[in-house]
Amino acid sequence: PARAHALVTGSTPAAHARLRAAPGQAQVRFNSRVDLSRSQLLLAPVRDGAGGTADERALELLPGTPDTELRAALPPLAPGRWRLRWQVLALDGHITRGDIPFEVTG
């Protein structure tokens with residue numbers, strides 16, 4: 001039987017969330033197991049509708065994270081628009097990636 005790619009089922013912060021304060025942790029949940037050693041979570045400020053890869057900061061995945069999630073501590077975030085970029089290798093061998101934009105209003 002065919003296997004589906006790893007798809008996001010939820011996140012903290014949620015996509016397009018407007019938050020008074022940034023959460024202390026980022027979490028992206030998937031519908032299937034992923035290879036945590038070959039997956040990544042990056043953070044970047046969004047400036048003028050963009051957010052170049054030069055601004056991206058790799059986040060260290062927290063130990064003990066279930067293999068259906070990416071979890072990382074977030075640094076203190078200034079008010080503004082931010083983007084979490086995730087990339088995972090699903091156990092079906094396919095790489096999927098995406099962005100989760102959010103805003104800290106302060």
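The values are calculated or read from the model by the stated rules, or taken from the named source; none is laboratory data. Values in this document were obtained by computation on a predicted structure and should not be read as measured data. In case anyone asks, the SASA skips ligands and DNA or RNA and just uses the protein heavy atoms, side chains included. Shrake-Rupley method; radii C 1.70, N 1.55, O 1.52, S 1.80 Å.
Surface analysis of the chain yields an accessible area of 58 Å² per residue, using protein heavy atoms and a 1.4 Å probe. Of the candidates G93, G24, G64, which one comes out as most mobile in a Gaussian network treatment of the chain with C-alpha springs shorter than 10 Å? Greatest mean-square fluctuation among the candidates belongs to G64.
Express as a percent, rounded to the nearest 5, the fraction of DSSP beta bridges in the chain (both residues included) that run antiparallel. In the chain, approximately 90 percent of DSSP beta bridges are antiparallel ones.
Got a number for carbon plus sulfur as a percent of the chain's accessible area, 1.4 Å probe? Numbers along the way, then the final one.
Numbers: 3090 of 6140 Å².
Roughly 50 percent, rounded to a whole number.
Pull out a ≥ b ≥ c, the square roots of the eigenvalues of the alpha-carbon gyration tensor of the chain, then state rounded if a/c is under 1.5, prolate if not and a/b is larger than b/c, and oblate in the remaining case. In terms of gyration-tensor shape, prolate.
Given a cut-off of under 8 Å on Cα pairs at least six residues apart, what relative contact order in percent is computed for the chain?
Over the chain, the number comes to 36 percent.
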